[in-house]
Each structure stands twice: as structure tokens, then as C-alpha cells.
Amino acid sequence: MKKVKACFAKKGKRVVERNITFAKEKVKKMEIIIKPAALSQFKQIYFNEGEGIRIEAVFVGSCSIAVEHYLKLDCKREDDDLFNVYDISMLISKSSQKQLHNKVTIDYNPKMGYKLSSDEEVYQNNLDLTRAE
């Protein structure tokens with residue numbers, strides 16, 4: 001935990017200093033499994049400097065609750081955790097990790113594209129790997 005001093009001021013009143021404690025966000029322990037067919041595809045990719053494969057889980061809510069999943073070639077961002085699997089940089093943001101189970105598997109079928117799943121569920125079939133814009 002991190003303690004910092006913060007100043008609070010109200011109009012016409014003196015400044016009050018208080019110690020505030022911030023709890024660090026717990027990093028989720030994740031395991032990423034890349035099946036041989038997907039690994040073969042990933043090894044053929046030309047990665048620009050600093051790029052990795054982002055597993056993205058985007059919460060989409062309206063009348064129903066759903067999560068859309070994407071695989072993208074992207075650079076690491078501040079809120080990402082970096083996982084090195086078979087010398088391939090895998091990137092997952094903390095917000096995406098909240099939508100995923102602790103163990104994520106990526107597979108590939110030439111006719112159906114990439115498959116993102118866990119032991120508990122299949123997240124999405126027919127995924128393409130695209131370069132982030």
C-alpha cells in the first residue's frame with residue numbers, strides 16, 4: 001500500500017492535510033497457452049519494434065451484457081501486463097483481464113481463424129489477427 005499526503009481546501013477555510021492510503025491494484029495471475037497451430041501462425045508474423053499480440057476483451061453493454069474479443073498486433077500501453085510465451089509478447093490490459101479467466105488458450109484453424117477460449121468457456125471463434133491502428 002502506498003501512503004501519500006493530499007491537501008484539501010474549501011473556499012474560505014484553511015488547507016487540511018491528510019494521509020491517504022491507496023491500495024495497489026492486484027495483478028491477476030494469468031496463464032496463456034498457445035496451441036501449436038496458432039504458434040506456427042504467430043511465428044510467421046513480422047513484428048515491428050515493441051509490438052506484441054494484444055488479447056482484448058471489450059465489455060459491450062446495453063439491453064444485454066456481452067464481451068467482444070479481439071486479437072491485434074499492437075504496442076504495449078501503460079495499463080498492460082506483458083506475458084512472454086514462446087518468445088512472443090502477449091499484451092493484456094487490466095480491464096481486459098477482468099473479462100477473462102485465469103487460463104486463456106489461443107488455437108488456430110486455417111478454415112476458421114483463431115479461437116480464444118478458457119477451460120470454462122469459448123470466448124470467440126473465427127478471430128482475425130489485425131494490426132492496431
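The values are calculated or read from the model by the stated rules, or taken from the named source; none is laboratory data. Please read these numbers as outputs of a predicted model, since none were measured by experiment. Cβ sites come from the backbone with ideal geometry, for glycine too, and all protein chains shown count toward neighbours.
Please return the ranges of strands (runs of 3 or more DSSP E) entirely within region 1-80 where 3 or more residues are under 26 Å from H101 (Cβ atoms) and modelled with pLDDT of 95 or more.
Here the list reads 31-34, 51-61, 65-75.
Those residues that are surrounded by fewer than 16 Cβ atoms within 10 Å (Cβ to Cβ) and aromatic (F, W, Y), I need them from region 40-88; list them, please.
Within region 40-88, Y46, F47, F59, Y86 qualify.
So which residues in region 29-38 are touching a Phe, Trp or Tyr at 6+ places or on another chain (Cβ under 6 Å) and surrounded by fewer than 18 Cβ atoms within 10 Å (Cβ to Cβ), if there are any at all?
A37
Give the residues of region 81-100 that are of a type outside the set (S, T, N, Q) and in a helix (DSSP H, G or I), sorted by residue number.
Within region 81-100, just K94 meets the criteria.
Cβ-Cβ distance below 7 Å, separation of 6 or more or different chains: which pairs start in region 108-133 with a residue that is more than 15 Å from K35 (Cβ to Cβ) and end on one that is surrounded by 13 or more Cβ atoms within 10 Å (Cβ to Cβ) and among the acidic types (D, E)?
Short answer, once both residue conditions are applied: A132/D74.
For D107, indicate whether it is charged (D, E, K, R), surrounded by 13 or more Cβ atoms within 10 Å (Cβ to Cβ) and not in a helix (DSSP H, G or I).
yes
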